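Have a look at this one before I ask anything.
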Amino acid sequence: MNTSRLKHFFWQILPSVLAVLSALLIGAVIIFAIGENPLQAYAAMFQGAFGDPSSWAETLQRATPYIFGGLAFSIATRSGLFNIGIEGQMYVGAIAGAIVGFSIHNIPAFLHIALALAAAALAGYVWAIIPALLKVKSGVHEVISTIMLNYVAYALTAYLTVRVFHEPGAVAQTYKVDPSAILPALMPPNKLNTGFIIAIVLAIVIYVFLFYTPWGYNLRVTGLNPGAGRYAGIKSTRIVLRAMLMSGAIAGLMGAERSLGIYGRFINSFSPGYGFTAIAVSLLGQNHPLGIIPAAILFGAFENGASFMSLQVNVPRELGLILEALIIVFIAAEHFFRDGLRSMLKGDKS
Amino acid sequence: MAKEEALVINGLKKHFGHVKANDGIDLIVRAGTIHAIVGENGAGKSTLMKSLFGLHQPDSGEIYLWGEKVQFSSPLQALSHGIGMVHQHFMLVEALSVLENIILGAEPGKGILLSYKNSRKTVEEICKKYGLDLDLDAIVENVPVGIQQRLEIVKVLYRGARLIILDEPTAVLTPQEIDRMFEILREFKKDGCTVIFITHKLNEVMALADDVTVIRDGRTVGHWPISEVNEKILARQMVGRDVVLDLVKEDAQPAELVLQIQGLQTEQVNGDQKADGLSFNIRAGEILGIIGVAGNGQDALIEGILGLRKVEKGEILYLGEHINGVDTSHLRQKGVSCISADRLKTGLVREFNVRENAILGYHTGKEFVSNLLFQNKRIDHYANQIITEFQIKTPSLEAPITTLSGGNQQKLIIGRELHANPKLIIAVQPTRGVDIGAIEFIYQVLLECRRQNTAVLLVSNELEEVLSLSDRVAVLYQGRFMGCNTPDHLSKEEIGLMMAGVRPEGEGGSE
């Protein structure tokens with residue numbers, strides 16, 4: 001029983017491991033091509049990402065939005081949806097959290113934080129209602145509707161930032177949130193904050209939800225084989241609707257972690273594309289809540305380690321992004337890794 | 001000619017990793033004969049044919065065609081050597097006409113222009129020669145399945161095949177169509193063609209073949225002239241032990257009414273045949289068999305009962321209660337179970353393991369869930385119980401369901417659906433694609449249900465199955481019943497005609 005579990009685990013993570021190794025290999029060729037020693041560069045990168053507690057803190061800080069975003073993506077994907085609107089849901093969540101953060105005063109910190117997070121989750125939830133209903137009621141493909149809503153979210157948050165809650169000055173940002181709404185830092189002066197803990201707890205909760213409850217079971221059946229679900233009495237439309245809304249709510253929290261934990265306000269266009277990179281993170285983590293954590297940390301480490309590396313050896317920090325991009329390419333080729341390799345190693349049974 | 005050997009295969013092996021799909025196949029096919037190859041699912045028949053047809057490269061072994069050693073690297077080469085194959089799943093372009101499909105890939109003509117005239121003439125000649133009736137200008141998607149298969153055969157002949165391989169050709173045909181097909185194959189034989197006929201239906205082997213080769217576990221078990229064997233011997237060779245398919249069936253003891261259906265008419269879904277005014281009753285302890293060629297409203301009927309398809313007209317009463325539009329999950333709790341037609345499409349989740357699949361549809365039940373969480377110990381206990389009771393061969397509960405054979409997958413579904421002691425079982429094609437051993441087991445299980453006073457609705461297109469299990473048989477054609485009677489009062493011929501839409505004279509039907 002244990003060996004079969006191990007075997008299953010091995011086949012499950014193999015494509016991800018191979019994607020990372022392949023990316024590192026090609027990265028090494030690139031480093032070599034610009035005349036540096038790949039081993040030296042990677043060593044510097046590793047040291048920059050995990051060399052001491054403060055580099056750990058920075059790596060985890062950078063990983064946090066990817067954990068949230070990966071979870072948001074995975075829960076939608078597990079139900080058979082492709083939520084590419086995490087970015088937009090994150091933006092509305094971020095600004096909703098910030099608005100609660102600077103509009104309410106003189107209440108205890110835990111209550112203020114709870115309210116702000118709830119507002120953020122609600123905003124992401126509301127933003128996901130539109131594509132969810134469009135999908136269920138009239139069959140509009142969620143990829144189209146969520147992409148469009150991303151642009152609406154950019155515009156809406158920009159409007160609110162510049163026209164409604166604008167803090168005087170040249171920067172397109174809102175007022176600062178009250179100190180009581182700030183997510184406490186875990187290892188100051190690093191910005192790593194309690195949002196990271198929330199993300200980890202959320203990952204565990206979603207793991208239990210997916211694999212140990214009937215609702216999670218319904219959701220997985222709907223995503224994997226709606227036909228079988230139908231005969232088993234599972235109402236797929238209801239499941240799909242709820243999964244999309246949950247996904248949106250988590251994306252909203254992802255935004256609040258940034259606005260309440262890192263910037264202390266909402267900054268227009270703050271995201272370098274967290275919501276999109278999160279898709280790669282989720283795929284790298286095999287859409288598994290507990291796989292997403294190491295995948296997110298790896299991405300955080302690439303970004304953090306790359307800046308340190310660029311100071312040590314003559315390799316630009318963009319290598320981190322290149323590695324991420326390569327992983328995305330290899331993960332996109334997952335079908336080759338999983339099915340191709342399996343049949344090469346084990347043999348096609350047909 | 002007749003004494004020559006059309007095809008000889010010696011010690012053919014093809015391994016996929018650890019799986020020995022073919023592990024020493026010997027085959028001798030005399031020219032101008034009909035040669036049956038029988039074996040259970042997974043015995044290696046398809047792999048063998050793929051190797052012969054150039055779709056696989058065998059690991060070792062030799063293939064001699066008309067005495068010449070060959071090794072094909074593509075189907076095109078096989079075709080040019082006069083081998084033609086009619087696949088189990090047709091390879092047709094639905095939007096093109098019959099003629100266009102026939103000449104597809106072997107288009108005559110100069111340059112980029114097709115010359116239909118000549119090819120039409122050739123095709124017409126072939127059809128005439130073998131008495132194959134085909135409307136060459138019909139669009140394939142409008143043509144019935146039986147005719148599509150005829151098209152596939154003409155396609156093969158058009159390419160000049162002298163050795164024709166047919167893979168499970170009768171699965172989609174009515175009894176009359178099967179007879180017609182056998183006549184055509186005998187015509188081929190007369191004409192000097194050689195036919196290889198792959199099947200698992202032993203009665204067809206006995207009726208048609210000159211020689212038979214039995215394959216089990218990737219090896220040739222033996223080959224015989226048909227005069228030296230009978231169905232019993234072949235079944236034993238296929239399975240490796242004695243098989244009892246003669247069912248012991250006591251007289252039915254029908255008790256209270258379980259399902260009453262009055263004038264059921266379902267909503268039209270896509271191009272699917274809807275149920276169009278069906279009425280019947282099933283009592284506890286009774287098996288009602290519904291037979292029909294696939295696509296005549298079976299899905300609509302089943303889904304209508306299960307609350308999966310909108311009922312436009314009519315009444316469905318389950319234990320006296322109206323269940324029109326009641327949720328499927330609710331019906332399941334009330335004792336309605338369904339063994340659905342397509343294991344991997346509607347019965348199981350391919351990516352799930354045995355344990356997860358064992359609770360599908362019952363996963364919200366109190367015995368599996370408490371405090372909102374799955375009680376894995378209880379689920380394991382239950383799953384192990386099914387595995388023992390239904391003799392399911394699986395490495396563990398954690399094993400992915402796809403590592404089980406079709407028969408074991410089916411037994412898991414049946415175990416699951418019977419575990420909750422249902423009052424009504426809807427069994428759709430319960431033995432589709434499973435081996436003889438599992439068929440035997442499944443028949444026994446269904447009869448045991450009948451003994452336990454369960455009402456069974458058996459929907460199938462296997463005539464033998466329906467006739468031997470059912471207490472009453474209804475024939476479904478285009479969403480209506482053509483007739484309903486006890487099996488003793490129905491001949492195979494009558495049923496076959498009704499399946500094709502011909503209402504026998506003097507037959508009242510049950511509508």
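The values are calculated or read from the model by the stated rules, or taken from the named source; none is laboratory data. Small disclaimer: the values here were computed from a predicted structure and weren't measured. Every residue, glycine among them, receives a Cβ derived from its backbone with ideal geometry; neighbour counts consider all protein chains shown. The protein model used for the area step is the full one, side chains on, heavy atoms only, and it has no ligands, DNA or RNA in it. Shrake-Rupley method; radii C 1.70, N 1.55, O 1.52, S 1.80 Å.
Lysine pairs in segment A:2-346 with alpha-carbon atoms under 19 Å apart, 8 or more places apart or on different chains: how many are there?
Numbers: A:7/A:346; A:135/A:235; A:137/A:235; A:176/A:191.
Summing the qualifying lysine pairs gives 4.
Ok, one more. What is the antiparallel percent of DSSP beta bridges lying wholly in the protein assembly as shown, to the nearest 5? Don't skip to the end; give the middle numbers.
Working: 49 of 85 bridges.
Antiparallel: roughly 60 percent of the beta bridges in the protein assembly as shown.
Starting from the 7 Å offset along Cα-to-Cβ, what nm value, one decimal, do you get for the label separation of residue B:385 and residue A:321?
Distance between label points: 6.0 nm.
Oh, and also: Within the set B:232/B:393; B:20/B:190; B:345/B:423; B:13/B:129, which residue pairs have Cα atoms separated by over 30 Å? Spell out each step's value before the answer.
Working: B:232/B:393 25 Å; B:20/B:190 37 Å; B:345/B:423 25 Å; B:13/B:129 39 Å.
The answer is B:20/B:190; B:13/B:129.
If one computes the Cα centroid of segment B:116-181 and of segment A:192-261, what distance in Å separates the two points?
53 Å
Placing +1 at every Lys and Arg Cβ and -1 at every Asp and Glu Cβ, with all other atoms neutral, what dipole size does segment B:5-239 have around its Cα centre, in debye to the nearest 20? Can you show the working numbers first?
Values: 26 positive and 30 negative charges, 93 e Å.
Result for segment B:5-239 is approximately 440 debye, rounded to the nearest 20.
May I ask for the longest run of chain B untouched by chymotrypsin sites (Phe, Trp or Tyr not before Pro) that are loop-located per DSSP and have at most 16 neighbouring C-beta atoms (other than their own) within 10 Å? Walk me through the intermediate numbers first.
Working: sites that count: B:66, B:90.
Excluding the exposed sites themselves, the longest stretch runs over B:91-511.
Let me ask another. Quick one: of the DSSP bridges fully inside chain B, what percent are antiparallel, nearest 5? Walk me through the numbers on the way to the answer.
Working: 46 of 82 bridges.
Here the antiparallel bridges make up roughly 55 percent for chain B.
Can you give the extra length, in nm with one decimal, that the chain gains between residue B:125 and residue B:444 once fully stretched, where that is 0.36 nm per residue apart less the Cα-Cα distance? Provide the component values of the computation, followed by the final result.
Working: separation 319, 0.36 × 319 = 114.84 nm, distance 5.04 nm.
Value of the extension gain: 109.8 nm.
Right, next: Under a 1.4 Å probe, what is the accessible area of segment B:5-239 per residue, stated in Å²? Write down the numbers at each step before the final one.
Numbers: 10390 Å² over 235 residues.
With the other protein chains kept in place, segment B:5-239 gives 44 Å² per residue.
In segment B:427-476, how does Rg compare with the Kirkwood Rh, expressed as the Rg/Rh ratio over alpha carbon atoms? Spell out each step's value before the answer.
Working: Rg = 10.5 Å, Rh = 11.3 Å.
My calculation puts Rg/Rh at 0.93.
Sticking with this one: Sort out for me the Cα centre separation of segment B:251-285 from segment A:86-122, rounded to whole Å.
One Cα centre to the other: 56 Å.
Now for a different question. Would you mind working out the accessible area per residue for chain A, using a 1.4 Å probe, and quoting it in Å²?
For chain A, the per-residue accessible area is 43 Å².
State the percentage of accessible surface on the protein assembly as shown attributable to carbon and sulfur atoms; use a 1.4 Å probe and exclude ligands, DNA and RNA.
On the way: 21480 of 37410 Å².
The C+S portion of the solvent-accessible surface of the protein assembly as shown is 57 percent.
Once all Cα-Cα distances of segment A:2-346 are split into 20 Å bins that start at 0, what whole-number percent is in each one?
Binned Cα distances yield the sequence 29, 57, 14, 0.
Taking a temperature of 37 °C and a viscosity of 0.692 mPa s, what whole-number D in µm²/s does Stokes-Einstein yield for segment B:5-239 with Rh from Kirkwood over alpha carbon pairs?
Values: Rh = 18.4 Å.
It diffuses with D of about 179 µm²/s by this estimate.
Now, a different point. Mind listing, in residue-number order, the residues in segment A:1-36 that have at least 30 Å² less accessible area with every protein chain present than in their own chain alone (1.4 Å probe)?
A:1, A:4, A:5
From a point 7 Å beyond the Cα of residue A:269 in the direction of its Cβ, which residues of segment A:165-182 have a backbone N at a distance under 16 Å?
Hits in segment A:165-182 for residue A:269 at 16 Å: A:170-174.
Compute the label zone of residue B:334 within segment B:249-272: residues whose backbone N is under 14 Å from the point 7 Å along Cα-to-Cβ.
Those under the cut-off are B:258-261.
Would you list, by chain and number, the aspartates and glutamates whose Cα falls below 18 Å from the Cα of residue B:69, excluding same-chain residues fewer than 8 positions away?
B:4, B:5, B:26, B:59
To continue, here is another question. If one puts a single equal scatterer on every Cα of the protein assembly as shown and applies the Debye formula without solvent, what log₁₀ I(q)/I(0) results at q = 0.10 Å⁻¹?
Those come out to -1.19, one per q.
What list of ³J(HN,Hα) values in whole Hz, one per residue of segment A:280-291 in order, does the Karplus curve 6.51 cos²θ - 1.76 cosθ + 1.60 (θ = phi - 60°) give from phi, with Gly and Pro shown as x?
So the J values, rounded to whole Hz, are 4, 4, 4, 5, 4, x, 6, 6, 9, x, 7, x.
Leaving out ligands, DNA and RNA, calculate the buried accessible area for the pair B and A with a 1.4 Å probe, summed over both sides, in Å² to the nearest 100.
Working: alone 23610 and 16690 Å², together 37410 Å².
Chains B and A together bury roughly 2900 Å² of accessible area.
What do you get for the angle between helix B:406-419 and the principal long axis of chain B? Use alpha-carbon atoms, 0 to 90 degrees, nearest ten.
Taking Cα atoms only, the helix is inclined about 10 degrees.
Let me ask something additional. Given a Förster radius of 25 Å and the C-beta distance between residue B:327 and residue B:257 as r, what FRET efficiency does 1/(1 + (r/R0)^6) yield to the nearest 0.05?
Numbers: r = 22 Å, r/R0 = 0.89.
With a Förster radius of 25 Å, E is 0.65.
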